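First up is the structure itself, then whatever we jot down about it.
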Amino acid sequence: MTLQDYKESFLNYITAEKGLSVNTIQSYGRDLDRYLKHLELKGFQSPEEVTRQVIAGFLADLEKCGYAPNSLARQVASVRSFHKFLLRDGLSAVNPAQHLDTPRPPRMLPDLLSVQQVE
């Protein structure tokens, strides 16, 4: 099985069993395309070869490219769900994404009301 075959199995799973929206499934597909392209460029051919450090390096590369914290968080969620699926379905014996830290978007302070606005 190729990495793309694993991705297709995952997308079929979330389409049929999770009942996710079309937009969500497309987002997962784009995120996984980006992730799997990175793995292929690094010479990985099986998800069992991937380590937590490999995933962390991928996320660091995205951050260097200017990805926003919200985009990085969604990418982590996609990768985490993908590896969890592979483990659950017996397609991989390991889940390197199990203990990944999710980047936290910066919290914005609320806008304050002036005294005139309150009155």
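The values are calculated or read from the model by the stated rules, or taken from the named source; none is laboratory data. All values reported here derive from a predicted model rather than from experimental measurement. Note that each Cβ is placed from the backbone with ideal geometry, even for glycine, and that neighbours are counted across all protein chains shown. For accessibility, only protein heavy atoms count, side chains too; no ligands or nucleic acids. Shrake-Rupley method; radii C 1.70, N 1.55, O 1.52, S 1.80 Å.
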Show that you can apply the helix-only estimate: for the chain, add -39,500 (n - 2.57) for every DSSP H stretch of four or more residues, divide by all residues, and state [θ] at 222 nm to the nearest 500.
-19500 deg cm²/dmol
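Got a number for carbon plus sulfur as a percent of the chain's accessible area, 1.4 Å probe? Provide the component values of the computation, followed by the final result.
Details: 4050 of 7840 Å².
Percent of accessible area from carbon and sulfur atoms in the chain: 52.
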Go through Lys37/Lys84; Lys7/Lys42; Lys37/Lys64; Lys7/Lys64 and tell me which ones have a Cα-Cα distance over 22 Å in this structure.
Lys7/Lys64
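Accessible area per residue for the range 3-89 in Å², computed with a 1.4 Å probe and the full protein assembly in place, what is it? Walk me through the intermediate numbers first.
Numbers: 4780 Å² over 87 residues.
Spelled out: the 1.4 Å probe surface of the range 3-89, per residue, equals 55 Å².
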Farthest towards the positive end of the dipole of the chain, among Phe10, Leu36, Leu59 and with Cβ unit charges of +1 on Lys and Arg and -1 on Asp and Glu, lies the Cα of Leu59
Starting from the 7 Å offset along Cα-to-Cβ, what nm value, one decimal, do you get for the label separation of Glu8 and Val94?
2.7 nm
If each of Leu41 and Ala60 carries a label point 7 Å out from its Cα toward its Cβ, how far apart are those two points in nm?
1.5 nm
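Would you work out if the range 3-89 is rounded, prolate or oblate? Take a ≥ b ≥ c from the square roots of the eigenvalues of the alpha-carbon gyration tensor; rounded if a/c is under 1.5, else prolate when a/b is larger than b/c, oblate otherwise. Provide the component values of the computation, followed by the final result.
Working: a/c = 1.95, a/b = 1.22, b/c = 1.60.
Oblate shape, in that a/c is at least 1.5 and b/c is the bigger or equal ratio.
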Phi-based couplings in Hz for the range 2-15 (Karplus 6.51, -1.76, 1.60; Gly and Pro marked x):
8, 4, 5, 5, 4, 4, 4, 4, 5, 5, 4, 4, 6, 6
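Roughly speaking, what is the stretch gain from Val22 to Val118, that is 0.36 nm per residue apart minus the C-alpha to C-alpha distance, in nm to one decimal? List each step's numbers first, then the result.
Working: separation 96, 0.36 × 96 = 34.56 nm, distance 4.30 nm.
Separation in residues times 0.36 nm, less the Cα-Cα distance, equals 30.3 nm.
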Whole-Hz Karplus ³J(HN,Hα) for the range 88-100, in order, using 6.51 cos²θ - 1.76 cosθ + 1.60 and θ = phi - 60°, x for Gly and Pro?
4, 8, x, 8, 8, 8, 10, 10, x, 8, 4, 10, 5
I need the phi-derived Karplus couplings for the range 72-80: 6.51 cos²θ - 1.76 cosθ + 1.60, θ = phi - 60°, integer Hz, Gly and Pro marked x.
5, 4, 5, 4, 4, 4, 5, 5, 4
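If the only charges are +1 at each Lys and Arg Cβ and -1 at each Asp and Glu Cβ, what is the size of the charge dipole of the range 17-119 around the Cα centre, to the nearest 20 debye?
Dipole of the range 17-119, to the nearest 20 debye: 100 debye.
Give the relative contact order (percent, whole number) for the chain; include only Cα pairs under 8 Å separated by 6+ residues. Mind showing how you got there, number by number?
On the way: 82 pairs, mean separation 31.0, N = 119.
After rounding, I find 26 percent.
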